[in-house]
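Asker: Just passing along the structure, written as structure tokens.
The values are calculated or read from the model by the stated rules, or taken from the named source; none is laboratory data. Everything quoted here is computed from the prediction, not taken from an experiment. Cβ: placed from backbone, ideal geometry, glycine included. Neighbour counts: every protein chain shown. Keep in mind that these areas ignore ligands, DNA and RNA; they rest on the heavy atoms of the full protein, side chains included. Shrake-Rupley method; radii C 1.70, N 1.55, O 1.52, S 1.80 Å.
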Amino acid sequence: MSIFSGMKRPEAFAEAARALGPSPLVACHNDADGLSAGAILVKTLRRLGMEPSTRIVGKGENAYSDAFIAELRGRAMTGLVVTDLGVSSRLPDLGLPTVLIDHHVPTGVPTHACVISGIEDDPIPTSSLLAYRCAKATGIETSDLLWLAAIGLIGDMADEDGFPEMEEARRLGITALRKAVSLVNAPRRTASGDASAALDLLLKADGAKAVLSGEHGETAALLAAKEEVKAALDAARKIGPRVSAEVALIPFSSPCQIHPLVAQAWRTRIKDRIVIAANFGYLEGWVHFAARTGEDRDLIAFLAEHRPPGAGEEYGNGHRLASGGALRLADWNHFVHAIGFGPELEAAA
């Protein structure tokens with residue numbers, strides 16, 4: 001049986017939402033796609049008469065870790081909506097109506113949850129676009145939510161073509177949308193990783209221009225976050241890659257989550273190898289890394305082939321052309337040898 005069996009289309013959300021009760025929790029990722037998906041779902045549930053709370057899963061956290069699951073068990077909520085945090089069978093049955101809305105490759109599918117996925121679509125939609133389609137399926141007014149879906153699409157996709165919703169959203173002002181994405185994405189990349197101001201702004205604003213205008217106080221916090229990230233990225237860009245047969249690896253140390261940006265920048269310059277940006281300073285005791293490729297390579301399969309024995313849920317998720325993860329130091333050292341490097345790229349205990 002396929003791992004995808006049992007997953008549903010956005011139309012299933014209309015019925016699933018009705019079962020969530022008056023006080024569901026919306027848990028979302030802290031990037032532009034996850035935050036915009038979370039904002040769409042919060043606004044949708046409010047319009048359906050509910051009072052949802054929110055939980056952003058941020059720096060050093062994993063939605064399927066024992067610590068996060070223990071937190072969920074202790075929360076007062078009548079239902080759970082999880083978006084842009086991956087799909088895993090590790091999610092236990094909490095005895096509550098549960099909906100997962102996601103576009104990542106599942107590692108397993110929980111049978112006790114309504115899993116709405118776009119993984120078999122072509123092109124694969126982002127979580128925010130799936131959330132928008134879920135909102136439309138409920139019959140509520142959604143015209144004022146389209147800009148949020150566009151924020152997630154632009155933030156997560158190198159190419160936004162192929163989505164009719166994006167063609168419609170361009171009329172809202174593509175330049176403002178792109179600038180808003182840059183702001184919304186900044187807080188989660190800072191040393192603190194606190195993206196709460198970004199979500200608050202998405203919930204308050206009525207469009208990308210309002211995000212940029214400064215009429216809401218959160219915009220100033222996002223601008224400061226963007227400056228912090230820019231300084232860290234400028235420093236990391238001065239470091240050149242180390243090269244093996246298959247991989248170009250860029251090692252650096254920063255408390256900011258800039259490894260995906262570093263990997264993406266080098267991907268356009270090194271097109272004949274897998275590019276891995278390895279951050280030794282993001283979280284103590286770990287090496288966080290982002291993998292990108294300009295080739296037609298399946299990064300999920302590549303990382304699975306070289307998976308260290310101690311790797312957990314933090315390793316090897318994402319997409320065929322954009323993956324990465326986090327490894328404890330001993331597992332990183334195992335991994336870096338497996339992909340063709342020597343002790344010069346090991347992490348010091």
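Asker: Regarding region 244-349, what whole-number volume in Å³ per residue does the convex hull of its Cα atoms give? Kindly include the intermediate steps, with their values, before the conclusion.
Answerer: On the way: hull volume 9.3 nm³, N = 106.
It is 87 Å³ per residue.
Asker: For the chain, please report how many Lys pairs fall under 22 Å Cα to Cα, leaving out neighbours fewer than 8 apart on the same chain.
Answerer: Taking the Cα cut-off of 22 Å, the pair count is 17.
Asker: Additional query: If we sort 134-147, 93-106 on the protection proxy, mean other Cβ atoms within 10 Å, highest first, what's the order? Spell out each step's value before the answer.
Answerer: Details: 134-147: 18.1, 93-106: 20.6.
Final packing ranking: 93-106, 134-147.
Asker: Rounded to the nearest whole Å², what accessible area per residue is found for the chain with the 1.4 Å probe? Spell out each step's value before the answer.
Answerer: Values: 14530 Å² over 349 residues.
Dividing the accessible area of the chain by its residue count gives 42 Å².
Asker: Can you give the Kirkwood hydrodynamic radius of region 20-150 from its Cα pairs, in Å with one decimal?
Answerer: The answer is 14.6 Å.
Asker: For the chain, with the dipole built from +1 on Lys and Arg beta-carbon atoms and -1 on Asp and Glu ones, taken about the Cα centre, which of Leu327, Ala169, Ala208 lies farthest toward the positive end?
Answerer: Ala208
Asker: Same structure, new question: To one decimal place, what Kirkwood hydrodynamic radius in Å is obtained for region 162-271 from all pairs of distinct Cα atoms?
Answerer: Values: mean 1/r = 0.0637 Å⁻¹.
By the Kirkwood definition, the hydrodynamic radius is 15.7 Å.
Asker: How high is the FRET efficiency from Glu71 to Arg297, r the C-beta distance, R0 35 Å, rounded to 0.05? Provide the component values of the computation, followed by the final result.
Answerer: Working: r = 36 Å, r/R0 = 1.04.
The calculated FRET efficiency here is 0.45.
Asker: Taking the Cα centre of region 93-230 as origin and charging only Cβ (+1 Lys, Arg; -1 Asp, Glu), how large is the dipole, in debye to the nearest 20?
Answerer: Details: 12 positive and 21 negative charges, 88 e Å.
The calculated dipole for region 93-230 is roughly 420 debye.
Asker: Suppose every K and R has +1 on its Cβ and every D and E has -1 on its Cβ; what is the size of the dipole of region 196-349 about the Cα centre, in Debye to the nearest 20?
Answerer: 460
Asker: Follow-up. Springs between alpha-carbon atoms under 10 Å, Gaussian network over the chain: tell me which of Arg133, Arg170, Arg188 tops the mean-square fluctuations.
Answerer: Comparing Arg133, Arg170, Arg188 in the GNM, the peak value goes to Arg170.
Asker: So, one more: How many percent of Cα pairs in region 62-105 exceed 13 Å? The partial results should precede the final answer.
Answerer: Working: 509 of 946 pairs.
Considering region 62-105, 54 percent of its Cα-Cα pairs are separated by more than 13 Å.
Asker: Of all accessible surface on region 130-242 at a 1.4 Å probe, what whole percent is carbon and sulfur? Write out the running numbers ahead of the final one.
Answerer: Working: 2560 of 5080 Å².
Here it works out to 50 percent.
Asker: Of the listed peptides 192-202, 21-31, what is their order by residue-averaged count of other C-beta atoms within 10 Å, with the highest listed first? Present the calculation step by step, with values, prior to reporting the outcome.
Answerer: Details: 192-202: 20.9, 21-31: 22.6.
Peptide ranking by packing, descending: 21-31, 192-202.
Asker: Then there is this: Please pull out the direction-averaged projected area of the chain, using the convex hull of its alpha-carbon atoms, in nm² to one decimal place.
Answerer: Details: hull surface 67.4 nm².
With every direction weighted equally, the projected area is 16.9 nm².
Asker: Under a Cβ-Cβ cut-off of 15 Å, what is the net charge of the residues other than Ala14 that fall near it, where Lys and Arg count +1 and Asp and Glu count -1?
Answerer: Numbers: positive: Lys8, Arg9, Arg18, Arg47, Arg133, Lys136; negative: Glu11, Glu15, Glu141.
Charge balance near Ala14 sits at +3.
Asker: So, with +1 on the Cβ of K and R and -1 on the Cβ of D and E, and no other charges, what is the size of the charge dipole of the chain about its Cα centre, to the nearest 20 debye? Could the numbers behind the result be given before it?
Answerer: Working: 35 positive and 43 negative charges, 88 e Å.
Magnitude of the dipole: close to 420 debye.
Asker: Sum up the charges of everything whose Cβ sits under 12 Å from the Cβ of Ala205, counting Lys and Arg as +1 and Asp and Glu as -1, but leave Ala205 out. Working shown, then result.
Answerer: Numbers: positive: Lys43, Lys204, Lys209; negative: Asp144, Asp200, Asp206, Glu215, Glu218.
Once all neighbours under 12 Å are counted, the net charge is -2.
Asker: Here is a further query. Tell me the relative contact order for the chain as a rounded percent, counting alpha carbon contacts under 8 Å between residues six or more apart.
Answerer: Details: 715 pairs, mean separation 46.5, N = 349.
It comes to 13 percent, rounded to a whole number.
Asker: Can you show me the helix-derived [θ] at 222 nm for the chain, built from DSSP H runs with n ≥ 4 at -39,500 (n - 2.57) apiece and divided by the number of residues, rounded to the nearest 500. It would help to have the intermediate numbers written out before the result.
Answerer: Values: 13 runs with 135 residues, N = 349.
The helix-only estimate for the chain comes to -11500 deg cm²/dmol at 222 nm.
Asker: Give me the net charge for the shell around Gly139: Cβ to Cβ below 14 angstrom, other residues only, Lys and Arg +1, Asp and Glu -1.
Answerer: Taking every other residue near Gly139 into account, the sum is +1.
Asker: Only Cα pairs under 8 Å and at least 6 apart count here; give the relative contact order of region 78-214 as a rounded whole percent. Write down the numbers at each step before the final one.
Answerer: Numbers: 180 pairs, mean separation 20.8, N = 137.
RCO, region 78-214: 15 percent.
Asker: Between Lys230 and Arg18, how many nm apart are label points set 7 Å from Cα along the C-beta direction?
Answerer: So the two model labels end up 5.1 nm from each other.
Asker: Anyone know which of Ala150, Ala19, Ala180 comes out most mobile in the 10 Å Cα GNM of the chain?
Answerer: In the Gaussian network model the winner is Ala19.
Asker: Output the peptides 320-333, 210-223, 33-46 sorted from most to least packed, where packing is the average of other Cβ atoms within 10 Å over each peptide's residues.
Answerer: Working: 320-333: 20.1, 210-223: 16.7, 33-46: 27.9.
Answer by packing, highest mean first, reads 33-46, 320-333, 210-223.
Asker: Take Lys8 and Ser213, extend 7 Å from each Cα along the Cα→Cβ direction, and tell me the distance between the two endpoints in nm.
Answerer: About 3.8 nm, to one decimal.
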